[in-house]
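Bear in mind that the values in this text are calculations on the coordinates, not laboratory data. Quantities reported herein were computed from a predicted structural model and do not represent experimental measurements. All Cβ positions, glycine included, derive from the backbone under ideal geometry; neighbour counts span all protein chains shown.
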Amino acid sequence: MNEDDLVIDALETRAQRRHDRRALFTAALGAAAVGSAFVYADPAKAQTAVTDADVLNFALNLEYLEAQFYLYAVNGTGLPSTLTGSGSTAGGTVTGGAQVNFSTDPVVGAYAREIAADEQAHVNFLRTALGSSAVAMPNINISGAADGPFTAAARAAGVVDATSGVFNPYADPTSFLLGAYIFEDVGVTAYKGAAPLLSNKTFLEAAAGILAVEAYHAAIVRTTLYAKGVPALVEATEKISAARDALDGSPTEDQIRGIAPKDDVGIMPSGSGDTLTSNIAPLNVNGLAYSRSTGQVLNIVYLNAGSATMGGFFPNGVNGNIRSTT
């Protein structure tokens with residue numbers, strides 16, 4: 001066999017492997033009951049048997065929330081009904097949401113449109129992967145009013161006055177960034193925490209792909225807020241992070257897995273002058289992103305540090321088998 005034949009043979013082998021991988025992925029997507037049962041262990045909570053489908057549906061709930069927030073901010077409308085229902089079950093309602101006037105900061109507007117498209121793609125992908133097992137969108141509250149969850153979160157964090165302050169993430173591009181900041185870091189830690197729970201390697205790889213995108217989104221938001229150079233914005237991120245830390249409890253630290261009692265930090269830089277160092281990527285001492293259990297994630301989106309099955313951004317809870325903080 002001459003050199004040309006060797007090259008051709010190598011290319012054909014690579015093409016066949018790629019075809020085989022695509023076939024495997026397609027077959028996995030077509031499976032309605034994904035994965036076998038396994039035990040999910042939250043260090044501070046009881047064990048519960050769940051499946052890959054349960055984990056992906058949990059992620060789908062979060063993607064519904066993010067997609068609705070970004071789409072409303074960009075378009076003034078949310079997901080089409082074709083992407084919210086499941087079988088004969090209609091999708092839930094969306095309370096609040098408004099279009100942001102990005103004319104004063106077109107760069108942030110461009111970021112918002114990209115992220116909105118990505119989040120809608122995530123919803124579509126997970127629904128396709130789950131097939132008939134996909135849960136319908138639950139009722140979602142993304143109101144920027146005085147009685148909305150954004151204001152509740154901002155009051156609890158001390159970003160606005162604890163009794164009379166209102167935080168409307170649709171008021172302007174900067175407020176939108178702070179609203180996005182509430183979600184994005186949580187999404188990254190949620191996907192990282194869920195990774196070990198998936199038994200199907202095809203879905204694990206897909207989840208890793210979504211995790212990477214969510215990390216890019218979080219970095220965009222954190223970098224843009226930092227680049228504005230406004231001390232009050234930096235302080236606001238620190239307060240929001242501290243509030244999330246208060247909600248998600250104090251798990252025993254594991255530096256290898258990225259679990260810690262303090263697993264959230266804002267964008268406050270360290271050093272000064274020639275030693276000034278930004279804090280765009282919130283990592284532990286090993287340079288690893290943090291993980292959150294499903295219960296910790298629900299503590300944050302329900303805005304409740306205790307035992308809960310609903311509240312905050314999900315007034316009636318999420319849909320699926322993973323819906324309680326405990």
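Around the amide H of Gly311, modelled in the peptide plane, lie the amide H atoms of Asn316, Gly317, all under 5 Å away and 5 or more residues distant in sequence or on another chain. Please report the spacing between the Cα centers of region 237-303 and region 45-106 in Å, no decimals. Here the two parts' Cα centres lie 24 Å apart. Converting phi to 3J(HN,Hα) with the Karplus coefficients 6.51, -1.76 and 1.60 and the offset θ = phi - 60°, region 250-266 yields 10, x, 5, 5, 9, 5, 6, 8, x, 10, 7, x, 10, 10, 8, 9, x Hz in sequence order, with x at every glycine or proline. For Val50, the amide hydrogen comes within under 5 Å of the amide hydrogens of Phe38, Tyr40, counting only partners 5 or more places away or on other chains and with H modelled in the peptide plane. Amide H contacts for Asn141 (H built 1.01 Å from N in the peptide plane; partners 5 or more residues away or on another chain; cut-off under 5 Å): Thr95, Phe314. Summarising the strand pairing of the chain, around 75 percent of its internal DSSP beta bridges are antiparallel.
Inter-label distance, Thr93 to Asn286: 4.7 nm, where each label sits 7 Å from its Cα along the C-beta direction. Derived scalar couplings between HN and Hα for region 99-116 equal 6, 8, 7, 8, 5, 7, 8, x, 5, 5, x, 5, 4, 4, 5, 5, 5, 4 Hz in order, rounded to whole Hz, by the Karplus curve 6.51 cos²θ - 1.76 cosθ + 1.60 (θ = phi - 60°), x for Gly and Pro. Backbone geometry of region 153-161 corresponds, through the Karplus equation with coefficients 6.51, -1.76 and 1.60 at θ = phi - 60°, to 3J(HN,Hα) couplings of 5, 5, 5, 4, 7, x, 6, 10, 4 Hz, x marking Gly and Pro.
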